[in-house]
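Colleague: My questions will all concern the structure given below.
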Amino acid sequence: MTRTDGDRTRARLVDVAAHAGVTKSVVSRVLNGDRTLAIRPETRERVLAAIEELNYRPSAAARAINGAGAKAIAFVTPNLTNPGMAMINRGAWETATASGYVVLIVEAAETVAAADMFAELVLAGRVDGLLLGTPQPQTGLVDLLDAHRVPFLYVNRAAAGSGRNVSLDNAATSRAAVEHLSALGHTRIAHIAGPRGVSTADERAAGFVSAMEALPSGTAGPVLHAEFSERDGAEAARRLLGQHPDVTAIYLGTLMQTLGALDTLRQLGVDVPSRMSVITADDFPVAAYLDPPLTTIELPLRELGARAASELIAQLSGGRPRDVMVDSTPVVRVRASTAAPRA
């Protein structure tokens, strides 16, 4: 009996054994080059022929159990140009390499070709486990990982009910932003969040609304959703000012969105910070060199990646997956982009 994954028919170890007329143990030992295996040459040839005929390829999990793992993990990331994901990748790489693992960075793409690439990566036994940082987990890939019992977990993303999420307290990030702006005297605060359906964006948006409702005014400001890009940040800022001209402060989810929003504000003649205060959840060195220098919220992204790699390696050693919230008390780095609202 073979197993079908999508439009692919995959042979299992038991299929090869049945085809060759031997036990699964014999097939496994032939695959691993066990020199102590005492079988006739014709039996060995029959096993190898069955492997070739059925196009059998051992899963990464099976290779790891038999001590022949690839000693490699793949980090599936949504965008190689995203500085936040770059920091998470760095933390994962440092921890994995310290444990003797190679890290393969794979950029996700919502195409059939990309899904095929992932399938080949897993089924060919090239990696022992995966870290998934994609905005919305690709169902086909996750089904494939489950079917072949390949260890994986979600990083900086949360799949409800999966029990294998490594994330930050995104609501706390939003509270820090609102509290900083409120302390300056702002009451008309808006949030430009990431796209709907992405757990980090949804959690920050919900945290923003909750934090705003906790203020004395008890009124949540407008929330606009946009992709994690400069262009979409610029367009969202333009929509925001057109729909809510009374807003005096904007809290954005990413640095890329913020760069676009700052450009829109310059084009419209909206001075930062005398007319509009701006704060973002991403803190990177470039923020201090913008004009004006950007107020940010420092998050432990490197530590997040390190913890994710550590959790995955624990799975590869026989541990069970679990949900992990990385300790993350947001730190506001105050610079010149935020100030008290103009009288």
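FYI, it's all coordinate maths here, none of it is from the lab. Bear in mind the structure is a predicted one, so any value in this text is a computation, not a measurement. Heads up, the Cβs are rebuilt from the backbone with ideal geometry, glycines too, and the neighbour counts pull from every protein chain shown.
Colleague: When DSSP beta bridges are limited to those with both residues in the chain, what percentage is antiparallel, rounded to the nearest 5?
Modeller: Roughly 15 percent of the DSSP beta bridges within the chain come out antiparallel.
Colleague: Report, to the nearest 10°, how far helix 199-213 tilts away from the longest principal axis of the Cα atoms in the chain, using its own Cα long axis and a range of 0 to 90°.
Modeller: Taking the Cα atoms of the chain, the angle to 199-213 is about 30 degrees.
Colleague: Largest first and in whole Å, what are the equivalent-ellipsoid semi-axes of region 149-201 based on the Cα gyration tensor, each being the root of 5 times an eigenvalue?
Modeller: Semi-axes, largest first: 31, 11, 7 Å.
Colleague: Taking the Cα-to-Cβ direction at residue 159 and at residue 196 and moving 7 Å from each Cα, how far apart do the two end points lie in nm?
Modeller: A separation of 2.3 nm, rounded to one decimal place.
Colleague: Sticking with this one: Just want to confirm a number: the relative contact order over the chain, from Cα pairs under 8 angstrom separated by 6+ residues, in percent.
Modeller: 17
Colleague: Moving on to the next point. To test your reading of the geometry: what angle, between 0 and 90 degrees and rounded to tens, separates the Cα axis of helix 41-53 from the longest principal axis of the chain?
Modeller: Once rounded, the angle reads 40 degrees.
Colleague: May I ask you to give the average projected area over all directions of the convex hull of the Cα atoms of region 225-331, in nm² rounded to one decimal?
Modeller: The directionally averaged projection comes out at 8.2 nm².
Colleague: Rounded to a whole number, what is D in µm²/s for region 170-298 from Stokes-Einstein with the Kirkwood radius over alpha-carbon pairs (4 °C, 1.567 mPa s)?
Modeller: My calculation gives 92 µm²/s for D.
Colleague: Helix 112-123 sits at what angle to the longest principal axis of the chain, using alpha carbons and giving 0 to 90 degrees rounded to 10?
Modeller: Relative to the chain, helix 112-123 is tipped by roughly 50 degrees.
Colleague: When the dipole is taken about the Cα centre of the chain, and only Lys, Arg (+1) and Asp, Glu (-1) are charged at their Cβ, what size is it in debye, to the nearest 20?
Modeller: Taking the Cα centre of the chain as origin, the dipole is about 740 debye.
Colleague: Let me ask you something else. With all distinct Cα pairs included, what does the Kirkwood hydrodynamic radius of region 223-282 come out to in Å, to one decimal, could you say?
Modeller: So the Kirkwood estimate lands at 11.0 Å.
Colleague: As a test of the definition: which semi-axes, in Å, follow for the chain when you take the square root of five times each eigenvalue of its alpha carbon gyration tensor? Largest first, please.
Modeller: Gyration-tensor ellipsoid for the chain: 51, 18, 16 Å.
Colleague: At what distance in nm do the modelled label points of residue 329 and residue 99 sit from each other, each positioned 7 Å from its Cα along Cα→Cβ?
Modeller: If labels sit at residue 329 and residue 99, their model points lie 2.8 nm apart.
Colleague: Next question, about the same structure. Each label point is 7 Å from the Cα along the Cα-to-Cβ direction; what then is the distance between the points at residue 213 and residue 37, in nm?
Modeller: 6.2
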